[in-house]
1. Taking the Cβ of Glu257 as the center, what net charge do the other residues with Cβ under 14 Å away carry, scoring Lys and Arg +1 and Asp and Glu -1?
2. At 1.4 Å probe size, with no ligands or nucleic acids counted, give the accessible surface of Met66 in Å², nearest ten.
3. For the chain, give the share of DSSP beta bridges that are antiparallel, in percent and rounded to the nearest 5; count only bridges with both residues there.
4. Using a basic spin-label model with each label point 7 Å from the Cα along Cα→Cβ, how many nm lie between Ser147 and Ile47?
5. With only Lys, Arg, Asp and Glu charged, each at its Cβ (+1 for the first two, -1 for the last two), find how big the charge dipole of segment 94-163 is about the Cα centre; round to the nearest 20 debye.
6. Within a Cβ distance under 12 Å of Gln297, other residues only, what is the Lys/Arg minus Asp/Glu net charge?
7. Excluding ligands, DNA and RNA, what is the solvent-accessible area per residue of segment 154-266 at a probe of 1.4 Å, expressed in Å²?
8. Counting only the heavy atoms of the protein chains, how much of Thr8 is accessible to a 1.4 Å probe, in Å² to the nearest 10?
Amino acid sequence: MKVLKGGTLIDGTGAGPVPGATIVVRDQRIEAVTTRAGSDWPSDAEIIDVSGMTILPGLIDCHDHMAMHSYDLAWRWGISEPQSTRALRTAKVLQGTLAAGYTTVRDAAGLDTGFKRATDESLITGPRLVLSLCIISPIGGIGDRVSPSGFSCCVPNDPLLPDGVVNSLADVRPVVRRIVRAGADVIKCATTGGASSRPGHGPLDGAFNLDEMQALTDEAHGLDRRVMCHALGGRGLRIAIEAGVDSIEHGCYLDEEPELLDMMAQRNIFFVPTFAVYEYHRKSPFPHVRERARHLQEHHVASLRRALAAGVKIAAGTDAGGHGHPSNAMEIECLIKAGLTPLQALQAATGWAAECVGLERDIGTVEKGKLADLVVVAGDPLSDVTMLQNPERIGLVLKGGEVVANRMEKTPR
Ligand SMILES: [Zn+2]
């Protein structure tokens with residue numbers, strides 16, 4: 001038994017902070033959450049004094065690319081360095097992400113099931129992983145690995161990261177099944193281009209027809225997999241929502257069609273805006289990427305505000321990878337700058353995020369019965385959320401009741 005005693009609790013439900021909170025952890029789960037100042041703990045209990053610190057649920061990033069380390073074509077094709085070097089580079093990112101307080105990450109393509117196995121077998125430490133493996137799109141969509149010269153990718157597909165290109169309506173279901181066979185927990189697809197996609201396939205350019213997307217969501221749901229859909233605006237955004245995906249990733253131009261936001265609220269479709277990635281795209285060396293990222297910025301902020309007003313739940317996702325792996329908590333800061341309150345932004349990275357990835361029974365909030373995924377930070381993140389990006393402020397990280405990072409002695413209170 002572990003007893004985290006006397007901290008200020010922000011429980012991830014959206015409720016305000018509770019001072020003087022004590023969390024009792026037995027094995028993997030939270031046994032009690034109390035403000036009772038008891039001292040009659042069992043003799044074998046490990047008492048951890050967290051007074052002066054804040055206890056949060058383990059943080060969740062709903063959109064990351066842990067195995068991606070550059071937008072460069074050779075990187076994306078996996079030919080720039082030995083596979084083993086790349087795998088170890090990825091393992092280091094997983095370890096750092098967990099130590100920073102991110103106990104769960106939904107990977108939006110690129111990470112294969114071997115990393116999940118490696119963390120399960122304790123070969124490396126890392127967050128809980130919800131994997132999509134690859135992106136499903138039609139020919140010419142963002143999952144189609146063609147170079148700017150028009151040549152196709154010169155290396156065969158890794159069988160653990162199946163080809164996500166669908167050629168026709170008849171192709172949709174087999175592609176979904178193959179990706180699930182390779183171990184996907186969630187199905188990732190794309191119905192529009194994006195800021196960084198090839199010239200000619202931008203944020204408002206569609207991919208897929210409604211019947212194809214309906215087949216995709218039907219097949220995924222039949223296999224108990226949620227659908228996370230990259231969709232920025234225009235016809236493709238509407239098709240994704242009409243087809244019943246479970247989350248809209250990016251959603252930059254949702255403000256242009258407010259009725260879509262009402263549909264999202266009614267159908268409990270989450271909005272994962274991924275503001276952090278566009279900070280980098282606005283400084284991209286490629287003019288078409290810069291231009292798109294700058295054009296969408298105002299719409300993106302307006303989309304967030306309208307989504308909140310419409311009752312759509314927001315989940316935090318960084319879309320990191322291509323530009324490296326800055327602190328995942330950067331997205332929480334971006335969400336506040338775009339209009340969320342600090343409490344809402346923390347909820348977007350905890351309680352709402354857990355619902356978005358379908359793990360709300362086990363994680364996302366600090367409540368009796370849930371897995372003890374907890375972060376203890378020095379100071380008050382509600383007054384300055386940027387502290388979550390400072391590794392020196394992260395005192396303690398628990399994943400499933402186990403201490404996976406501990407610098408309590410060095411952490412100022
Ligand atoms: Zn992404």
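The values are calculated or read from the model by the stated rules, or taken from the named source; none is laboratory data. Model, not experiment: these values are computed from the prediction. Don't worry about glycine lacking a Cβ; one is built from the backbone with ideal geometry, like all the others, and counts go over all protein chains shown. The accessibility values were calculated without ligands, DNA or RNA, using every heavy atom of the protein model including side chains. Shrake-Rupley method; radii C 1.70, N 1.55, O 1.52, S 1.80 Å.
1. Working: positive: Arg235, Arg238, Arg306; negative: Glu242, Asp255, Glu256, Glu259, Asp262.
Overall, the nearby charge balance is -2.
2. About 0 Å², ignoring ligands and nucleic acids.
3. Around 45 percent antiparallel, to the nearest 5.
4. 6.6 nm
5. 160 debye
6. Details: positive: Arg282, Arg290, Arg292, Arg294, Lys337; negative: Asp255, Glu279, Glu291, Glu298.
With Lys, Arg at +1 and Asp, Glu at -1, the net is +1.
7. I get 38 Å² per residue for this part.
8. Solvent-accessible area, nearest 10 Å²: 40 Å².
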